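Chemist: Okay, here's the structure, questions in a sec.
The values are calculated or read from the model by the stated rules, or taken from the named source; none is laboratory data. Keep in mind that this is a model prediction, so the values were computed, not measured. In this analysis, Cβ positions are derived from the backbone assuming ideal geometry, glycine residues included, and neighbour counts consider all displayed protein chains.
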Amino acid sequence: MEDSLPISFVQPCPIRDVLDRIGDQWSLLVLHSLSKGTLRFNELVRNVGDISKQMLSKTLKRLEKDGFVKRTIYPEVPLRVEYELTAIGKSFLKPMAELIHWANANHQEIVLAREHYESAKPIR
């Protein structure tokens, strides 16, 4: 059956493929912002905070390409563009919430482990 799939579907590791996409610095923050509903570009800039407009644009294009985000352009003057989660984007909200909860609950312990590791490293 795998032989009948287009080359783009034949991935050596689906987990790595998906995590590479959503695990970058900005995708989860953008998806989290869109979990509250449809937003325009500048609303996303404000919600995400310290993301540049160029990086937000790249992130949105990647999320749209992967089917997480839908972009709707309204032919008005001035042009209005809105972003919203697709069905697959919405289906990711539950595991994303679990990941966010886990990260918040364990962040302090992880930071302490890093500090311990750095202080225990032998000096060369």
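Chemist: Taking only the stretch 59-102 into account, find how many residues are under 12 Å from the mean Cα position of the chain (by Cα) and of a type in the set (Asp, Glu).
Modeler: Total satisfying the criteria: 2.
Here's the yes/no breakdown for (1) modelled with pLDDT under 95; (2) farther than 16 Å from Trp26 by Cβ:
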{"site": "Asp50", "(1), (2)": "yes, no"}
{"site": "Leu56", "(1), (2)": "no, no"}
{"site": "Val69", "(1), (2)": "no, no"}
{"site": "Val77", "(1), (2)": "yes, yes"}
{"site": "Ile88", "(1), (2)": "no, yes"}
{"site": "Glu109", "(1), (2)": "no, yes"}
{"site": "Arg114", "(1), (2)": "yes, yes"}
{"site": "Ser119", "(1), (2)": "yes, yes"}
{"site": "Ile123", "(1), (2)": "yes, yes"}
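Chemist: Restricted to the stretch 29-85, and to residues that are closer than 21 Å to His101 by Cα and out of contact with any strand residue (DSSP E or B) (no Cβ under 9 Å at 6 or more places or on another chain), which residue is surrounded by the fewest Cβ atoms within 10 Å (Cβ to Cβ)?
Modeler: Out of the qualifying residues, it is Gly49.
Chemist: Okay, next question. Please determine whether any residue of the stretch 1-12 is touching a Leu at 6+ places or on another chain (Cβ under 9 Å) and on the phi < 0 side of the Ramachandran plot.
Modeler: No: zero hits.
Chemist: Kindly list, by first and then second residue, each pair from a residue in the stretch 45-68 that is without any contact (Cβ under 8 Å) to a residue 12 or more places away in the chain to a residue that is part of a loop (DSSP other than H, G, I, E, B) and exposed (fewer than 14 other Cβ atoms within 10 Å of the Cβ), limited to pairs with Cβ atoms under 9 Å and residues at least 6 apart or on different chains.
Modeler: Within 9 Å, the pairs are Val45/Ser52.
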